[in-house]
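Everything below concerns the one structure shown next.
The values are calculated or read from the model by the stated rules, or taken from the named source; none is laboratory data. Fair warning: this is a prediction, and the values are worked out from it, not measured in the lab. Cβ placement follows ideal geometry from the backbone for every residue including glycine, while neighbour counts extend to all protein chains displayed. Accessible surface areas use protein heavy atoms only, side chains included; no ligands, DNA or RNA. Shrake-Rupley method; radii C 1.70, N 1.55, O 1.52, S 1.80 Å.
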Amino acid sequence: MNNLTRSATTGASVPELLDIVKDHFDARLVLLAISDAKNNVALHADSAFGPVSYDGDPATFARSAAIRDLMDRYQCVEAAGSQDATGPEDCKLWIFRDRDLARFGNEETTLAGVIASQMSSALSLANRLRETAMDNTLFSGAMDRMNIGFVLADAAGHLLRMTDHARDILNARDGLHLHFRKLRATNAADDRTLQALIRATAEGEQIEHDGSLALTGQSGLKTLGVMVRSVDPALCPQGQRLVAIYLRDRESALELDSDSVRRLFDLTPAEAAVTRQLAAGLSLEETAIELEISRNTARAHLRSIFSKNGISRQTELVRMVLNSAAAIGGDTRHAA
């Protein structure tokens, strides 16, 4: 019954899993009650029986009129299981078969118990995989919106996974690129330093600095910031040594969402537009030109922004905006 685990972890529904059990036992009906950590119970049936609505616990269901009626009509094997052999039972399985078929033997009864535990473990694993996938999606999205690229690599610098923004940075080949799936700095001296840093970090060696490195881009300036961090060995598969690498192009600016800025700082649409431009690094004069307003109008908006937020300097405004949730909610754009 290993296909139960495979099916559960590849996205099969509970009724589809019960169909596998039903076919194996030549059963008429299969029911499964699953308890969570808060003792909430979900009752499931095979797909032919259809959706089941139930509010209670497995013990109550086992004594209910519905289950007694089924036991009067069919022969039944009942089994309970848990994710851990030493843990509490959180899964109860009922398999019903026509009375004119062979009676459930000891081997089938034992197998039903194994299946109940396997179902519990498989469904728990499937839930963890879904949660991990959701966490990865949310993490990657937040990193991309903040214009931070993330790369997971082994001790030799070979790519294992990366976020979308990291892919954009690597595809630009401006300071860093992939060569046969190995991270390489464009500048030869930078590359030697980078490879040594990745190896030392992965092996847990003492390094002279904090794991940060500035790489030289096509302009000849060090515009790409790199931060290398070790990954907890307990999280690495099969004893691998892995590193987390964070990338930030200093020429890449956040394009803040106007509505978010307006709501977070109680601004008018015009004030939010001024705030966005200033947070992107423009001066007040450049902001006025960009928004096609006069310098005096831009100054008036700035005074109102200061007054509403209890600040008095442009640098305070920029810091306040970039440290706010607005920096997470916007799209990413590359500054010209």
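Points worth noting:
- Taking amide H positions as modeled 1.01 Å from N, with prolines and chain starts lacking one, the residues under 5 Å from Thr186 and 5 or more places away or on another chain are Gly175, Leu176, His177.
- The chain: DSSP helices with Cα axial extent of at least 18 Å and average Kyte-Doolittle hydropathy no lower than -0.5: 106-145, 188-202
- Positive-pole candidate from His301, Ala172, Asn106, dipole of the chain, charges at beta carbon: His301
- For the chain, with +1 on Lys and Arg beta carbons and -1 on Asp and Glu, the positive-most of Gly81, Ala66, Ser252 along the dipole: Ser252
- Region 227-271 - charge dipole about Cα centre, Lys and Arg +1 at Cβ, Asp and Glu -1, debye rounded to 20: 380
- Taking every DSSP helix (H) stretch of at least 4 residues in the chain, weighting each as -39,500 (n - 2.57) and dividing the sum by the residue count yields a mean residue ellipticity at 222 nm of -14000 deg cm²/dmol.
- Across all C-alpha atoms in region 108-164, the radius of gyration and Dmax reach 18.5, 57 Å.
- Cα-centre dipole for the chain with unit charges at Cβ (Lys and Arg positive, Asp and Glu negative), debye to 20: 780
- For region 170-285, the residue among Ala185, Leu282, Thr223 whose Cα projects farthest onto the positive side of the dipole built from Cβ charges is Ala185.
- Considering the chain at the alpha-carbon level, its Rg and Dmax are found to be 29.7, 93 Å.
- Comparing mean-square fluctuations of Gly175, Gly141, Gly113 from a GNM of the chain with C-alpha springs under 10 Å, the top value falls on Gly113.
- Dimensions (Å) - region 185-252, Cα atoms, principal axes, largest first: 41, 23, 19
- Span from the region 91-111 Cα centroid across to the region 268-321 one, whole angstrom: 74
- Solvent-accessible area of region 186-231 (1.4 angstrom probe, protein heavy atoms only): carbon and sulfur portion equals 50 percent.
- Per-atom-type breakdown for region 244-334 gives carbon and sulfur 46% of the accessible area (1.4 Å probe, protein chains only).
- Counting protein heavy atoms only, region 79-166 has 56 percent of its accessible area on carbon and sulfur, 1.4 angstrom probe.
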